[in-house]
Amino acid sequence: MPADVNSQIRLQVFLAHCGVASRRASEKIILEGKVTVNGTVVTELGTKVSPSDEVCVSGQIVVPEERKLYILMNKPAGLVCSQSDEKGREVAVNLLKEKYSERLYNVGRLDMFSRGAIIFTNDGDFASKLSHPSNEIEKEYYVETSYPLPEGLAEKFCKGIRVDGVFYRAKSAAVMNSHKMKVVLVEGKNREIRRVFEDAGAAIRSLQRVRIGCVQLGNLKDGEFRELSLKEVEELLSLCKNRNAKSGDKK
C-alpha cells in the first residue's frame, strides 16, 4: 500500500492488503455491512480510503500486513476451509495460528471430507489471480474408491458428463489401478469429482489433491505445512499471466 497519506485506494483493495480476504471476498464482506470507516458503516464498493482512515471489520481495526505469506498445507479430512464455521466444526486455518500471527485465508477450497494441497495467504492480489476461473490453474487429485472403478469412467469424465443439469469435464483422467484414478481439473466446480463419481455409482473412499499448478504436495503429512518459495509464487503468477495472454489472443 502506498505510504503517501493523501493517496486513496478502493476499500476492497485496502482490505485485501490487510489480509482480510481476497478482493472479491472483501467485496462481499463490505456488502454485508461488516466494514466501518472512521466509525461509519460503508456498503458502497466504490468507497476509497487513505492510510489515515480507521477501518474496522466486525468491530476490529485492520491494518495492512507488513509481510506477505504464501503457505501450502496438506489439509486433513474433517476440517473446513473457511475463517470460521457456524456449525462449530474445526477450520483448517487454525492449524497455522500457533506459528503465524498474520490473518491468513485459504485460496479456493477443499470440501470437508477431502484432504491434500491447499494454499493460505494474506496477499489479496495473489489470491484473486490464482482463484479466478478464467486462469484455469490445474489441480490434480488422487481418487480412491471402495469398489472397483466403473468401466470407462475416466474416458467419460474427459469427454464431459452432465449431472443434475450441470456439465462436468476433467482436463485429464487416468486409471492408476482398479480402485484408484488420477484426475486433473481446471474449472473447479463445487464438489465436481464427488458428484461425477456418485452419479457413476462409484463410492469414494479417499479424495486427495496432490498438486496446484506447479506446486506439488510432496511428502507433507496430514496437517503439515510449509511456506512456498519465491520461485513457486512467481511460477503460479506466471501461469495466470500466460492464461490471460492466451485468452487475449483469442479475442
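The values are calculated or read from the model by the stated rules, or taken from the named source; none is laboratory data. Note that the structure is a prediction, hence the values are computed from the model and not measured. Cβ atoms come from the backbone with ideal geometry, glycine included; neighbour counts cover every protein chain shown. Only protein heavy atoms, including side chains, enter the accessible area calculation; ligands, DNA and RNA are left aside. Shrake-Rupley method; radii C 1.70, N 1.55, O 1.52, S 1.80 Å.
Could you work out [θ]222 nm for the chain from helices alone, using -39500 (n - 2.57) per DSSP H run of at least four and dividing by all its residues? Round to the nearest 500 deg cm²/dmol. Intermediate values should be presented prior to the final figure.
Values: 6 runs with 60 residues, N = 251.
Dividing the helical sum by the residues of the chain leaves -7000 deg cm²/dmol.
How big is the dipole moment of the range 80-190 about its Cα centre under a simple scheme where the beta carbon of each Lys and Arg is +1, that of each Asp and Glu is -1, and everything else is neutral? Debye, nearest 20, please. Each step should come with its number before you reach the end.
Working: 17 positive and 16 negative charges, 39 e Å.
So the dipole magnitude of the range 80-190 works out to roughly 180 debye.
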Given the pairs Lys180/Lys231; Lys75/Lys182; Lys75/Lys180; Lys28/Lys129; Lys48/Lys189; Lys75/Lys139, which are separated by over 23 angstrom at their Cα positions? Lys180/Lys231; Lys48/Lys189
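Pull up the DSSP beta bridges for the chain and report the antiparallel fraction as a percent, rounded to 5.
Values: 44 of 47 bridges.
Beta bridges within the chain, antiparallel portion: roughly 95 percent.
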Everything considered on the Cα gyration tensor (a ≥ b ≥ c; rounded for a/c under 1.5, else prolate if a/b is larger than b/c, else oblate), the range 3-141 must be described as prolate
Once both axes come from the Cα atoms, what is the angle between helix 230-250 and the longest principal axis of the chain, in degrees from 0 to 90, rounded to 10? 80 degrees
When volume of the Cα convex hull per residue in Å³ is calculated directly from the model, which label among (i) 161; (ii) 111; (iii) 137 fits? (i)
So, with points 7 Å from each Cα along the Cβ direction, the Asp111-Lys231 label distance in nm works out to 3.6 nm
Using 0.36 nm per residue of separation minus the Cα-Cα distance, give me the extension gain between Ala77 and Val166 in nm, one decimal. 29.5 nm
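Rolling a 1.4 Å sphere over the protein heavy atoms, what is the accessible area per residue of the range 10-128, to the nearest Å²?
Values: 5590 Å² over 119 residues.
Using a 1.4 Å probe on heavy atoms only, each residue of the range 10-128 averages 47 Å².
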Probe 1.4 Å, accessible area per residue of the range 145-232, Å²: 58 Å²
Computed magnitude of the charge dipole of the range 1-125 (debye, nearest 20; Cβ of K, R +1, Cβ of D, E -1): 400 debye
Place +1 on the Cβ of every Lys and Arg and -1 on the Cβ of every Asp and Glu in the chain, take the dipole about the Cα centre, and give the residue among Gly39, Val63, Tyr168 whose Cα lies farthest towards its positive end. Tyr168
Please report, in debye to the nearest 20, how large the charge dipole of the chain is about its Cα centre when each Lys and Arg carries +1 at its beta carbon and each Asp and Glu carries -1 there. 760 debye
Work out how much length Asp125 to Leu220 would gain on full extension: take 0.36 nm times their residue separation and subtract the Cα-Cα distance, in nm to one decimal. 31.6 nm
Estimated FRET transfer efficiency (Val210, Glu86; beta-carbon r; R0 35 Å; 0.05): 0.70
With a point put 7 Å past each Cα toward its Cβ, work out how far Ser101 is from Glu138 in nm, to one decimal. 4.1 nm
Which FRET efficiency value, to the nearest 0.05, do you get for His179 and Thr40 by plugging their Cβ-Cβ distance into 1/(1 + (r/R0)^6) with R0 = 41 Å? 0.10
Sulfur and carbon atoms: percent of accessible area, the chain [1.4 Å]: 47 percent
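Rounded, prolate or oblate, given the Cα gyration tensor of the range 104-251, with a/c below 1.5 counting as rounded? Display every interim value, and only then the final one.
On the way: a/c = 2.08, a/b = 1.37, b/c = 1.51.
Since a/c reaches 1.5 but b/c is at least a/b, the shape of the range 104-251 is classed as oblate.
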Highest to lowest packing among 81-88, 126-133, scored as the average C-beta count within 10 Å: 126-133, 81-88
